[in-house]
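The values are calculated or read from the model by the stated rules, or taken from the named source; none is laboratory data. Note that the structure is a prediction, hence the values are computed from the model and not measured. Here the Cβ positions follow ideal geometry from the backbone for every residue, glycine too, while neighbour counts run over all protein chains shown.
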Amino acid sequence: MLLESDRVLLNQYRDQPKHLIDAITGLTTEQLDLCRAPGKWSIRQLAHHIVDCELNYFQKHRVAFSNTGHRFIFDDGFNPDIWADAMKYSERPIHIELKLFELIREYIVYLYETLSVPLDRVVTIGNEQVIIRDELSWDLSHANHHISQIFETRSVHNLIIPGSAFT
């Protein structure tokens with residue numbers, strides 16, 4: 001049985017892809033390639049990055065479902081710039097990533113609810129034991145950080161969405 005505060009966290013987690021979709025709604029293909037400043041990632045690259053990281057987080061949660069304390073292996077040498085180049089973030093459309101982000105989040109919440117896995121379950125990442133509730137919060141924070149950067153890019157280029165929570 002989930003605590004009410006955990007249910008709120010899971011709802012935020014499940015609903016977050018809508019915020020990413022809102023952030024890019026109405027943008028043309030050319031506008032997806034805008035950056036907030038020289039040397040910064042484009043909106044398109046940020047969207048790809050969010051979803052690539054989500055795929056890593058997906059496995060972390062699946063480990064939590066299997067058994068508390070199990071080790072989640074994550075490459076500490078993860079370099080987002082290398083991934084961005086190798087995965088051609090700047091060239092690929094993002095529509096599949098948006099669907100994937102929604103589906104991953106929906107699936108993870110479905111598993112937590114269906115399997116009744118408590119969010120105080122522990123996962124070992126590297127040599128550190130972490131509580132999955134804290135990891136869910138981290139996942140939310142990471143995506144929100146980059147969604148905010150997308151809204152910042154929109155602002156820099158006068159592409160603001162009136163009434164947006166991130167403006």
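Overview of results
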quantity: Members of the range 110-167 found to be modelled with pLDDT under 90 and under 19 Å from residue 35 (Cα atoms), listed by number; calculated: 160, 161, 166, 167
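Yes or no, residue by residue, for (1) modelled with pLDDT under 95; (2) within 14 Å of residue 147 (Cα to Cα); (3) in contact with an Asp or Glu (Cβ under 7 Å, 6 or more places away or on another chain):
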| residue | (1), (2), (3) |
| --- | --- |
| 11 | no, no, no |
| 25 | yes, yes, no |
| 53 | yes, yes, no |
| 69 | yes, no, no |
| 77 | yes, no, no |
